[in-house]
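What follows is one structure encoded as structure tokens, with my remarks underneath.
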Amino acid sequence: MVNCVFCQIVNKTKPAYLIYEDKNFLAFLDINPRVEGHTLVIPKKHYQFIYEVPNFSQYWQVALKITKAMRKAMKPYFVTYIVHGLEVPHAHIHILPRKVNETEFIPAVKYFSRVKMVEIANKIAQALKNKQ
């Protein structure tokens, strides 16, 4: 979809802090992060809801791969997932690596500098390359 921001990221017409890409899925940092390392995993093909994604189990395997890399790179206390998909009508899994004190169901949006976002994305991407 032309107006879908996530489709624009898939098509490389909109920048993103990329973490992972394969032939079916893409993962990148959320530009309105709720926690440090807040990542979105999307199918490259446009589906509005995650349950419409035909390779649903493969989708969650990618989320697990990202989670393992986050645990290695960032050492979070725990990791949560949110899949409400209300703000952007393109299927997406939010992965939130949480610190001990980050127990809100959906934390408030935080600000991280561009330099910090690049650092976080590179750290997680490197952990993916180094095999969990």
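Please treat every number below as a calculation from the coordinates, not as lab data. Please read all numbers here as calculations on a predicted model, not as lab measurements. Cβ: placed from backbone, ideal geometry, glycine included. Neighbour counts: every protein chain shown.
Side notes on the structure shown:
- Longest stretch of the chain clear of exposed loop sites (chymotrypsin sites (Phe, Trp or Tyr not before Pro), DSSP loop, at most 14 other Cβ atoms within 10 Å, sites excluded): 1-48.
- Degrees separating the helix 56-74 axis from the principal Cα axis of the chain, which is the longest one: 30
- Virtual spin-label span in nm between Val118 and Tyr51, 7 Å along Cα→Cβ: 4.2
- Simple label model, 7 Å out from Cα along Cβ direction - Leu18 to Lys72, nm: 2.0
- Maximal additional length on extending the Gln126-Tyr81 stretch stands at 14.0 nm, based on 0.36 nm per residue less the C-alpha distance.
- Relative to the longest principal axis of the Cα atoms of the chain, helix 114-129 runs at roughly 80 degrees.
- Restraint check, Lys14/Lys99; Lys12/Lys123; Lys75/Lys110, Cα-Cα greater than 28 Å: Lys14/Lys99
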